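The values are calculated or read from the model by the stated rules, or taken from the named source; none is laboratory data. All values derive from a computational prediction rather than experimental measurement. Here the Cβ positions follow ideal geometry from the backbone for every residue, glycine too, while neighbour counts run over all protein chains shown. Ligands, DNA and RNA are excluded from the accessible area calculation, which covers all protein heavy atoms including side chains. Shrake-Rupley method; radii C 1.70, N 1.55, O 1.52, S 1.80 Å.
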Amino acid sequence: MAPFLYPTPVIQGFKEKIDALSVQGDRLYVGTSTGNLHIYNVEEQQDGEEMAFTLVEVKKALTRRSIEQLGFVKHLDLNLLVVLSGDLCVLVADAQLIPRREYCHVISVVYNFTPDGAS
């Protein structure tokens, strides 16, 4: 038997083609081929087995092309969702679109941390 469980759909009736996924905390971010960004709230059910996904917001036409990659940057009080679409990089913060767009081809998020007790 494989060391993982078989995949099961968590969102039913989704009409668009999903190209990018990212989970951060209690949020599921879904990027589609039409450039829309769907934001879901993830809640654990009382039995601890099931997860409930509730649609919070849809940002329609966030980009003109397909959303290829999603990343999350957390630094101090700043929480940014980085969206890569074609050669355009869009920053989304706290469900508000920041009017800053840059050209790029790949995004990479690197975290440096020190384990507890290490000096």
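The set of residues from segment 34-87 being hydroxyl-bearing (Ser, Thr, Tyr) and farther than 13 Å from Leu21 by Cβ comprises Thr34, Thr54, Thr63, Ser66, Ser85.
Checking Val42, Val23, Val10, Val110 one by one, the residue that is within 17 Å of the chain's Cα centre (by Cα), open to solvent by 50 Å² or more (accessible area, probe 1.4 Å) and at pLDDT 85 or above is Val23 and no other.
For (1) surrounded by fewer than 11 Cβ atoms within 10 Å (Cβ to Cβ); (2) assigned to a loop (DSSP other than H, G, I, E, B), each residue gets a yes or a no:
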position	(1), (2)
Gly31	no, no
Asp47	yes, yes
Ile67	no, yes
Leu70	no, no
Leu81	no, no
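Report yes if some residue within segment 64-81 is free of Cβ contacts under 8 Å to residues at least 40 places away in the same chain and among the aromatic types (Phe, Trp, Tyr); otherwise report no. No, that holds for no residue. Close contacts from segment 11-24, counting a first residue that is of a type in the set (Asp, Glu) and a second that is open to solvent by 50 Å² or more (accessible area, probe 1.4 Å), with Cβ to Cβ under 9 Å and a gap of 6+ residues or different chains, come to Glu16/Thr34; Asp19/Glu68; Asp19/Gln69.
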